[in-house]
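A.B. asks: The structure under discussion is supplied below as C-alpha cells; questions concerning it will follow.
The values are calculated or read from the model by the stated rules, or taken from the named source; none is laboratory data. Everything numeric in this text was worked out from a predicted model, so none of it was measured. Here the Cβ positions follow ideal geometry from the backbone for every residue, glycine too, while neighbour counts run over all protein chains shown.
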Amino acid sequence: MSAALLAAAEAPAAGTSLTSELQGLAERLRRVTVRVATTGARFDGVGAGIIWPSSGQSIVMTNAHVVPRRRGDQLVVEDDAGNRADADVIARDAERDLALLALDAVPNGWPTAAFIGDARALRAGEIVVALGHPFGVGGALSFGIIHAAPKGDDSWVRADVRLAPGNSGGPLATLDGAIVGINCMIARGLGIAVPAHVADRFALEVLAR
Amino acid sequence: MTPTSRSETASTLRALSDDLSAAVERAARSVVAIHARPRIAASGIYWRDGVIVAASHTIRKEQEIAVTLPNGTRTTANLVGRDGGTDLAVLRLDTPPAASASLPEIAPADALRVGTLVLAVGRPSDDGVSTSLGVISAVSDRWRTWSGGEIDRFVRLDLSIYDGFSGGALVDADGRILGVNCSALARGTALTIPNATVDRVVDALLTRGHVARAYLGVAMQPARLTNALAERLKLDDPRGVLVVMVESDSPADRAGLLVGDLIVAAAGTSVAEPQDVAELLGGEQVGAALELKVIRGGERRTLTVTVGERAPAGEARRRGRAS
C-alpha cells in the first residue's frame with residue numbers, strides 16, 4: 001500500500017482526513033465559480049464560469065458555447081452566496097471556446113478571483129477536481145486524475161474525470177485549488193479543458209485593448 | 001481585485017496525488033504502444049526479456065509489428081502466438097530494447113482485493129502514456145471465458161478502459177502490476193487478467209506457440225434418472241449429463257462412449273451439468289486418463305478416456321481449408 005494511503009488510514013478523523021481536505025477544496029472552488037445563465041426568447045441555458053483575476057474591472061471566464069451569440073439575450077452571473085449581477089460578453093475566442101464576461105456592477109460581497117495555475121506542469125495520474133453545475137445541480141464536485149501529460153504547451157488538458165453538460169466553463173483544479181483548465185467538452189468519456197494559461201493570455205490580450 | 005493566495009497544501013491528498021503520478025511514471029517504463037491494427041494503437045507490457053504481452057484482439061498482423069518503446073523510440077516485433085480464450089498475445093522484439101524498457105514490478109496475488117485503488121496505464125499513441133483511476137470492484141474465483149480460456153481470478157474494475165488501453169497494465173498506488181487490462185472478454189466490461197494467468201499463457205505460447213485445451217469429443221446435456229432407477233443403482237444424486245453426440249475417432253469414441261450414455265461422475269466427482277465435466281478438463285489434463293462413471297442400459301459402467309488436445313483455432317482453420 002502506498003505511504004499516502006497508509007497515512008490516510010492512520011490519520012485522525014478530523015482536520016487531516018482525505019474527506020475533509022476534499023470538502024475544503026470544494027468550498028474554495030465554489031467561492032470562485034459562478035453560475036452563468038442566459039435568458040432569451042428561444043433559449044435558456046446554464047453553464048459555469050470562473051471569477052478571473054484582473055487589475056481593473058470584475059471579469060468572469062467561461063466557454064463561448066455557454067453564452068451563444070443571440071440578440072436580446074440577457075446574461076446573469078450568480079456566485080455561490082447568491083449574489084447576482086448582469087454581465088456582458090466583452091470578447092470571444094470561438095476556436096478555443098472561450099468567452100470573457102464583464103460585470104455591469106459588482107455586488108457587495110463578490111468573491112475575490114481564482115488562483116490561476118499552470119497546466120504545462122501537470123503529470124499523468126495527478127489528482128484534479130472539477131466544479132460546475134452538471135445537469136443544473138449547483139456547485140457539484142467531480143474527482144479524477146490527469147489522463148496524460150500535455151502534448152504541447154497549449155494543448156488541451158485531458159482528465160479522467162466525469163463531466164456533464166453544466167460543467168462547461170467551470171474550473172478544473174489541482175489540490176492547491178489552482179485553476180489549470182476551463183472544462184469545455186467530453187470526448188469519449190474524457191474531460192477536455194482549455195489550459196488556464198491560454199485563457200489567461202486571452203484575458204490579458206482583451207484587457208490590454 | 002487580487003487573487004486569493006495559495007493556501008497550505010492539502011497534505012494527505014497531495015501525498016496520494018504524488019504517489020499516483022509516481023506510480024504512473026514507474027509503470028510507464030514497462031508499457032509500450034503496439035501498432036498492429038488500423039487507426040488507434042493499443043498497449044502492451046514488456047513482460048520478460050525481449051517479450052511483450054498484448055491483447056490478442058488488438059493484433060491484426062503477425063510480422064513486422066511496429067512497437068513504440070517507453071522512451072519514444074520505435075522498433076519491430078513478431079507475433080509468437082496468441083490465445084483467443086484469454087485474449088492474450090505474445091510478441092518478441094527483433095532487437096533487445098536494452099535500457100529503453102524495463103521489466104515491471106509484479107504485485108503478489110493477494111494484492112487483488114476489492115476496494116484497492118488502481119490505475120490503468122496504457123500507451124494508445126506515440127504521445128506518451130495515459131491513465132485512468134478507479135478501484136477493483138469485484139474479485140472472485142477461477143472462471144472460464146465464453147471462448148474457453150481459463151482465468152485464475154475474475155477481476156472486475158470500476159474504471160474507464162479508454163480506446164487503446166487493452167493490453168495495458170493495471171497497477172496499484174505503488175506502481176506494481178496487478179494484471180493486463182482487457183475490454184474484450186466480457187462485452188466491454190473492464191477486466192484485468194491476473195499475473196498468474198498471464199505467466200501461464202506466456203509460458204505456453206513461448207514453448208508451444210499455443211495454449212493446450214483438453215478435448216473429449218462429446219456433446220452433452222443435463223438429464224436425470226428416475227428415482228426408482230437411481231435407488232436401484234444406489235446413486236445419491238439422480239442427475240447426470242447425457243451424451244447426445246460422439247465425434248468419430250475422438251478420445252470419447254476411442255474409449256467406447258456411446259450416444260445415450262448418462263455420465264454421473266467424472267474423476268470421482270459427480271456431475272450434473274456439462275459445465276461440471278468441462279471444469280475437470282484444464283489444459284494440463286491433456287494426455288491424462290479420465291475415469292467416467294456412466295449408466296448404460298440401466299447398468300453402471302466405468303470407462304477410461306485418454307484426454308485429447310483440441311487443435312488451436314488457427315490450425316483447425318488451416319486444416320479445414322486444406323481438406
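A.B. asks: Residue B:147: more than 24 Å from residue A:186 (Cα to Cα) and assigned to a loop (DSSP other than H, G, I, E, B), yes or no?
C.D. replies: yes
A.B. asks: Additional query: Go through B:17, B:30 for me and flag whichever is modelled with pLDDT of 95 or more, more than 25 Å from residue A:176 (Cβ to Cβ) and either in contact with a strand residue (DSSP E or B) (Cβ under 7 Å, 6 or more places away or on another chain) or more than 9 Å from chain A (Cβ to nearest Cβ) (or both).
C.D. replies: The unique qualifying residue is B:30.
A.B. asks: Given the criterion out of contact with any Cys (no Cβ under 8 Å at 6 or more places or on another chain), aliphatic (A, V, I, L, M) and surrounded by 23 or more Cβ atoms within 10 Å (Cβ to Cβ), identify the matching residue among B:117, B:178, B:159, B:206.
C.D. replies: Going through B:117, B:178, B:159, B:206 in turn, the sole match is B:178.
A.B. asks: On to the next question. I'm told residue B:148 meets every condition in (1) out of contact with any strand residue (DSSP E or B) (no Cβ under 9 Å at 6 or more places or on another chain); (2) within 22 Å of residue B:35 (Cβ to Cβ); (3) small (Gly, Ala, Ser) except one. Can you identify the failing condition by its number?
C.D. replies: Here residue B:148 clears every test but (2).
A.B. asks: Only one of (1) out of contact with any helix residue (DSSP H, G or I) (no Cβ under 8 Å at 6 or more places or on another chain); (2) away from every other protein chain (no Cβ under 11 Å) fails for residue A:110. Which number is that?
C.D. replies: Unmet for residue A:110, out of (1) out of contact with any helix residue (DSSP H, G or I) (no Cβ under 8 Å at 6 or more places or on another chain); (2) away from every other protein chain (no Cβ under 11 Å): (2).
A.B. asks: Continuing with this model, one more query. Would you say residue B:60 is over 21 Å from the mean Cα position of the chain (by Cα), part of a loop (DSSP other than H, G, I, E, B) and of a type in the set (D, E, K, R)?
C.D. replies: No: the conditions fail for residue B:60.
A.B. asks: Among the residues of region B:119-137, count how many are part of a strand (DSSP E or B) and either under 18 Å from residue B:29 (Cβ atoms) or of a type in the set (D, E, K, R) (or both).
C.D. replies: The number of residues fulfilling the criteria is 6.
So that you can scan it fast, the table gives a plain yes or no per residue for (1) among the small types (Gly, Ala, Ser); (2) within 15 Å of the chain's Cα centre (by Cα):
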| residue | (1), (2) |
| --- | --- |
| A:134 | no, yes |
| A:138 | yes, yes |
| A:145 | no, no |
| A:149 | yes, no |
| A:155 | yes, no |
| A:167 | no, yes |
| A:172 | no, yes |
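A.B. asks: Something else: Of all residues in region A:146-176 being more than 26 Å from residue B:125 (Cβ to Cβ) and within 10 Å of chain B (Cβ to nearest Cβ), which is surrounded by the most Cβ atoms within 10 Å (Cβ to Cβ)?
C.D. replies: Filtering first and then ranking leaves A:175.
A.B. asks: When region B:27-57 is examined, which residues are found to be assigned to a strand (DSSP E or B), under 20 Å from residue B:170 (Cα atoms) and not small (Gly, Ala, Ser)?
C.D. replies: B:31, B:32, B:34, B:45, B:46, B:47, B:48, B:51, B:52, B:53
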